[in-house]
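Below: one structure, written as structure tokens.
The values are calculated or read from the model by the stated rules, or taken from the named source; none is laboratory data. Treat the numbers as computed from the prediction; the structure is a model and nothing was measured. All Cβ positions, even for glycine, are placed from backbone atoms using ideal geometry, and neighbour counts span all protein chains on display.
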Amino acid sequence: MKFKLSDYGYPLEIWNLYRFLQKSNGYTREQLVDYQNKKLNAIIEHAYSHVPYYRELFEKNQLKPPDIQTVEDLVKIPVLAKETVRERFDDLIADNAIRYKPYLNRTSGSTGTPLKFMQDKNVSIARFAFFWHIWRSAGYRPYLKWAQIDGMFEPDDDSIWRYDLQMNSLQISAYSLNEQNCKKILKKISTFRPKIVRGFPSALYVLAQASENLNFDIQFKPKSVITYSEQLYPFQRELINKVFGCPVYNIYSMWEAVCLIAECASGSQHQYMEFSVMELLDKNNSPVQKGESGEITATSFYNYAMPFIRYKTGDLATLAEDSCSCGRAHVIVKDMDGRKDDSIITPEGNRISRLSRVFRNTDGYNYAQVRQVSEKEIVVLLVPNDKFQENTTDQLKQELQKRLGTSLKIEFRLVDDIEPLPNGKRRLVVNDWIRTDEE
Ligand SMILES: [Zn+2]
């Protein structure tokens, strides 16, 4: 997430929403749901009155806005797939979009075409206020010095970082994290002394490892590390926490801005119910059973230029059954389960996408990647560490076979590093055989 200067254009609206979030911290679940219903009614009414795609969809399904009174009524509306956003782009734009100061945005794209969509000032305001609120709980204050290491900064030359005066931040590239560059970065941030360090978990992990390997003490202690855009694995959290000496907060969001999940100081992942309605759906678009993994499908309250109602994100999550001890009444996510597209297809035709658990509790390697190379073969790349033993791969093989069956050939390869994708991220599962085409 990067705040653009133009996002500063609505200070009063940002402030009001920010203040509201301080208030809604004390809401009961019932109050949160009431709030969601009000916001939902407004966006549904708007979509029906001003968005050709939704007018047509509602009429085809014999629906009128009063049929959608509460979040439970959302199931009556068909889901919105990424392909539909591509195909019906023009029809998804509100006829009065200009009122909301629309702009074009897109996903970062990794292996294929990025997805384009319109967003508006409400999204900019919401993004700013919610992130400010979330970062504040991680110790952020306006104009505080911070460092960011991710795929945002793509240098044309061989520079590794740049200083952003506007944001008072050091932007570091996550693309070429070899040992030599890591050393330079560690030295640089040790002089820069950021109060907050943000970045992709894999990049921060590589940096933390370099600090250990080079015996380089960073000699400063930020208030917190904030991670995003990739899954944060327990082993990564552990080392990042050790090297930076501060808590690590993970945030889940996406360019489409339909869902926001962030960790609180008690360590629970809160789904911000003030931001959107989240549903977890199975492959038939029905709600999953309690404790099961489902695709995050969400309805944003904020994008009036191009409303996304029941938008399928392609990301998988499992809900927790309990509430959080911090006292806030949000829905709590137990596990983020990776991307739906990051899946292995067995020779029997089963699509298995939830492999992160295989790699959850195993020592012996710093990073793993599962690649399907043909119909009948997967290759597991491992970056081994000191704890690597001969039976490490046997254990992993067993865990993989529990989920994938035994008809796939599994080959292990020990490697020095795993190359990041064109957007700087590192994925756990990559299907080279059936190339997925979107981010
Ligand atoms: Zn909490």
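Would you check if there is a residue in the stretch 298-318 being surrounded by fewer than 22 Cβ atoms within 10 Å (Cβ to Cβ), within 16 Å of the ligand (Cβ to nearest atom) and under 30 Å from Tyr53 (Cβ atoms)?
no
Filter the stretch 393-422 for residues that are under 28 Å from Ser176 (Cβ atoms), at pLDDT below 90 and surrounded by 11 or more Cβ atoms within 10 Å (Cβ to Cβ); which is farthest from the chain's Cα centre (by Cα)? I'd like the intermediate steps shown before the answer.
Taking the stretch 393-422 first, the residues under 28 Å from Ser176 (Cβ atoms) are 411-422.
Then keep just the ones that are at pLDDT below 90; that gives 416-422.
This time we only want the ones that are surrounded by 11 or more Cβ atoms within 10 Å (Cβ to Cβ), so: 417-418, 420-422.
Values: Asp417: 23, Ile418: 20, Pro420: 17, Leu421: 16, Pro422: 17 Å.
Ranking the qualifying residues of the stretch 393-422, first place goes to Asp417.
Residue-wise test of (1) surrounded by 24 or more Cβ atoms within 10 Å (Cβ to Cβ); (2) more than 16 Å from the ligand (Cβ to nearest atom); (3) within 20 Å of Thr107 (Cβ to Cβ).
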{"residue": "Tyr228", "(1), (2), (3)": "no, yes, yes"}
{"residue": "Phe235", "(1), (2), (3)": "no, yes, no"}
{"residue": "Leu239", "(1), (2), (3)": "no, yes, no"}
{"residue": "Phe244", "(1), (2), (3)": "no, yes, no"}
{"residue": "Asn250", "(1), (2), (3)": "no, no, yes"}
{"residue": "Met254", "(1), (2), (3)": "no, yes, yes"}
{"residue": "Leu260", "(1), (2), (3)": "yes, no, yes"}
{"residue": "Cys264", "(1), (2), (3)": "no, no, no"}
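If you go through the stretch 369-423, how many residues are under 30 Å from Ile149 (Cα atoms) and free of Cβ contacts under 8 Å to residues at least 12 places away in the same chain?
2
Hey, which of the strands (runs of 3 or more DSSP E) in the stretch 312-406, taking only ones fully inside, have at least 3 residues that are assigned by TED's automatic domain parsing to the domain that holds Thr299 and within 27 Å of Ser229 (Cα to Cα)?
On the way: elements: 331-339, 365-374, 377-384.
Of the strands (runs of 3 or more DSSP E) lying wholly inside the stretch 312-406, those with at least 3 residues that are assigned by TED's automatic domain parsing to the domain that holds Thr299 and within 27 Å of Ser229 (Cα to Cα) span 331-339.
Conditions first: (1) away from the ligand (no atom under 16 Å from the Cβ); (2) in contact with a Leu (Cβ under 7 Å, 6 or more places away or on another chain). Asn284 passes all but one, so which condition is the exception?
Exception for Asn284: condition (2).
Would you confirm, using the coordinates I've provided, whether Glu321 is surrounded by 21 or more Cβ atoms within 10 Å (Cβ to Cβ), within 16 Å of the ligand (Cβ to nearest atom) and of a type outside the set (Phe, Trp, Tyr)? Steps first, please.
Details: surrounded by 21 or more Cβ atoms within 10 Å (Cβ to Cβ): no; within 16 Å of the ligand (Cβ to nearest atom): yes; of a type outside the set (Phe, Trp, Tyr): yes.
Answer is no for this residue.
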